[in-house]
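Just below is one structure, and these are the notes that go with it.
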Amino acid sequence: MREFLTALLEDDPAAWRGDRMAERSDWILTLDAPAVAEIESAVSAVAARGVDLFDVTRDDFPLPNMGGHFETMLGALEGGRGFVLLRGLPAARWSEAGNRIALWGLGTHLGLPVGQDLAGNLLHDVRDVGRKFGSDDSIRYYQTSHAIRLHTDGGDVFALACVRQGAGGGKSLVVSAVEVFNEIVRRRPDLAVVLQEDFWMDARGQRPDGARCQVLPIYTWHDGLLSVLLKPEYVYSAQRFEDVPRLTEAQREALELFHHVTQETGLALEFRLEPGDVLLASNHTIMHGRTEFEDAPDPAQRRHLLRLWLTIPNGRPLPPHYADTREYAQTYRQRMPA
């Protein structure tokens, strides 16, 4: 039986405002020269061996002096503010293959990879494929140049590495879903309850069982922790199916308040990822998005990011209904005792 939370979580480290976070720098972890050299050495060694990227393990990517960095990142991602910006990778010096190796190798020190689509692909290219959202039932927002509303991905954590920025735009946004919840409780505790009830969400053709939608709450209070799962556009696009119940007035009102709160000045932290930056964030407490971007005419200069989803070793207990979601089913299984 689900529990419903209507209390404020003001002391939660994951409850923060962007305007205050922007005054701090502890969320940025800048790599020093020895750390960069260590990573470059590991990338070169993997490239020289010519092994399949997804066969590379932590032992194949030794980073003996970076253990403290990984502990810091994992502590921030679960039980802390919920995100970290890792800065300083020499992305411009690496080929596309080198950047893939670097992100994958770093990921092996942080957790276990999670498939991001029906095919089980473990590493996604985030770039415009030249098609608009809605032109195909399987097109997802990360494959377009559109602005992307604040949302969550899959797995405990996503890692988004910037290879190239593109011509302009494409600023990243991160927001504390816990602080959004607090604001909703302050204004409309009744709608905070609605957001913990079931919504129908478009699966975009990504579920193994072929189901067109999945049904679950946006917020879940489980084991003393508040988690969020939301892709706003997919809630609305699910309404195109005749057998999906129409959104109730309360649900629409809750979604509108949710969106209104996230758009208020000072709530989001906004920045532009630079080549060599890796944004890591919890999919349980952080929502992320981006502004619309413009690509360069030259294909070699177009915006390109790499995305990894991870189950982390210190991840939180997951609510039972997450076991049947495309975003968390694999993490749920990985979390189960052997």
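Relative to the Cα centre, the charge distribution of the chain, modelled as +1 at Lys and Arg Cβ and -1 at Asp and Glu Cβ, gives a dipole magnitude of about 420 debye. Taking the C-alpha atoms only, the angle from helix 67-77 to the longest principal axis of the chain is near 20 degrees. Applying the criteria of a DSSP loop state and at most 16 other Cβ atoms within 10 Å to the GluC sites (Glu not before Pro) of region 17-69 yields Glu23. Label separation (Asp190 vs Arg252): 1.7 nm, computed from points 7 Å beyond Cα along the C-beta direction. At an R0 of 30 angstrom, the distance between the Cβ atoms of Glu3 and Ile28 translates into a FRET efficiency of 0.25.
The numbers here are math on the coordinates, done by the rules we state, and not lab data. Just so we're clear, the structure is a prediction, and the values are computed from it rather than from any experiment. FYI the Cβ positions are ideal-geometry reconstructions off the backbone, even for glycines, and counts take in every protein chain you see.
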